[in-house]
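Shown next, in structure tokens, is the structure this report addresses.
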Amino acid sequence: MTERIVTDYDILAVTGPTASGKTLLAAVIASRIGGEVISADSRQVYRKMNLGTGKDYSDYVVEGRSIPYHLIDIVNPGTRYNVFEYQRDFISAYNDLIKRGVFPVVCGGSGLYIDSIITGYRMYEVPPDPILRSALDKKSIAELTAILATYKKLHNKTDLDSKKRLIRAIEIEHFQSSRKKQVSRFPALKVLVTAIRLDRESRRRRISQRLKQRLAGGMIDEVKKLLTEGISSETLIYYGLEYKYITLYLMGRLSYEEMTGELETAIHQYAKRQMTWFRGMEKKGTVIHWIDGELPIERKAEQIIGLL
């Protein structure tokens, strides 16, 4: 019988770049300390988007026992989920676990989501602004980029992927500048942050291998089914990475070879951005305990549990 660990920490966070083995490690740790997993993945919130988002459900089965997980499969595909909603849903899941005497193990590679828990910074619920959107829709991407640059430094290149993204980014910045509706203060939580470290070649090898497995496992059919169920190609492209490039392939805008090549490159670039984000968190004062990704999983789990 597993008992909840006694620790001064409120939460354990297990993060790291894509394909580093976070999910299984978090589930193993949760099984050892009487915990449950709260996902911190910006795309695994969507139902029916499984292979493309890396929902390895089998990873949550440890020694024949299913480890409960939260904030996975909670919204329908086609919607736009954001950090404000994540903070709201996270607190709901966290409070539920605490009431039941269960230790929260946060797992995911979405640095912004992890950061929002650790720092507890305030987010804003930003409603659509039809008048602003109408005015912005008449402008070119270059003009929209220039407008967005007046609000902030353009370090987040995903804002520039499409006209819709640019308009939404401007809408958010415009709204936040007026600070009209603010979410209540996020509770101060003591978080032990751990991350899996892999050298560049190991990381690239794992990403390439996993992509081949998912393509062979039916990832193209998954995207095709979403399209036939009425999810627009524009929305799937908005979700990025696997959904973007496979949709472009299904639309005939990329050959299979172009799709796989460009997608693999994009995932490698994404992993690099994740590492840059984690380094940025450290520069801002977050202590991250790095764990050697080449260690056997039991050793990794032991090291992390020892830190608690």
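The values are calculated or read from the model by the stated rules, or taken from the named source; none is laboratory data. In this text, all values refer to a predicted model and were calculated from it rather than measured experimentally. Note that each Cβ is placed from the backbone with ideal geometry, even for glycine, and that neighbours are counted across all protein chains shown. Calculation scope for accessible area: heavy atoms of the full protein, side chains included, ligands and nucleic acids excluded. Shrake-Rupley method; radii C 1.70, N 1.55, O 1.52, S 1.80 Å.
Estimated at the nearest 10 Å², the accessible area of T79 is 60 Å² with a 1.4 Å probe.
For region 168-308, what class follows from the C-alpha gyration tensor (a ≥ b ≥ c being the square roots of its eigenvalues): rounded when a/c is under 1.5, otherwise prolate if a/b is larger than b/c, else oblate? Taking the square roots of the gyration eigenvalues as a ≥ b ≥ c, region 168-308 is oblate.
Summed over all non-identical Cα pairs, the Kirkwood treatment of the chain gives a radius of 20.6 Å. Taking amide H as placed 1.01 Å from N in the peptide plane, E36 has its amide H under 5 Å from the amide H of F103, V105, each at least 5 places away in sequence or on another chain. Every helix of 4 or more DSSP H residues in the chain counts as -39500 (n - 2.57), and over all residues that averages to -16000 deg cm²/dmol at 222 nm. Toward the positive end of the charge dipole of the chain, about the Cα centre and with charges on Cβ (Lys, Arg +1; Asp, Glu -1), which of M281, P17, I29 goes farthest? The residue sitting most towards the positive pole is M281.
Taking the DSSP bridge list for the chain and keeping only pairs wholly inside it, about 10 percent are antiparallel. Most tightly packed first, judged by the mean number of other beta-carbon atoms within 10 Å of their residues, the peptides 130-140, 64-74, 24-34 read 24-34, 64-74, 130-140. Distance from the Cα centroid of region 67-83 to that of region 208-268 is 20 Å (rounded to whole angstrom). For I291, the residues 5 or more places off, or on other chains, whose built amide H falls under 5 Å of its own are A195, I196, R197.
On the accessible surface of region 1-123, probed at 1.4 Å, how many percent belong to carbon and sulfur atoms? Answer for region 1-123: carbon and sulfur cover 49 percent of the accessible area. Rolling a 1.4 angstrom probe over region 223-308 with all protein chains present gives an accessible area of which 52% lies on carbon and sulfur atoms.
Protection proxy ranking of 224-230, 14-20, by the mean of other Cβ atoms within 10 Å over each peptide's residues and highest first, is 14-20, 224-230.
What does the net charge come to around T235 if you take all other residues with beta carbon closer than 10 Å to its beta carbon, with K and R at +1 and D and E at -1?
Local charge sum for T235: +1.
Summing charges over all other residues whose Cβ lies under 10 Å from the Cβ of L211, with Lys and Arg as +1 and Asp and Glu as -1, gives +2.
Taking label positions 7 Å along the Cα-Cβ direction at both T150 and T79, the computed distance is 3.4 nm, reported to one decimal.
Using the 1.4 Å probe convention, the accessible area of the chain works out to 50 Å² per residue with neighbouring protein chains retained.
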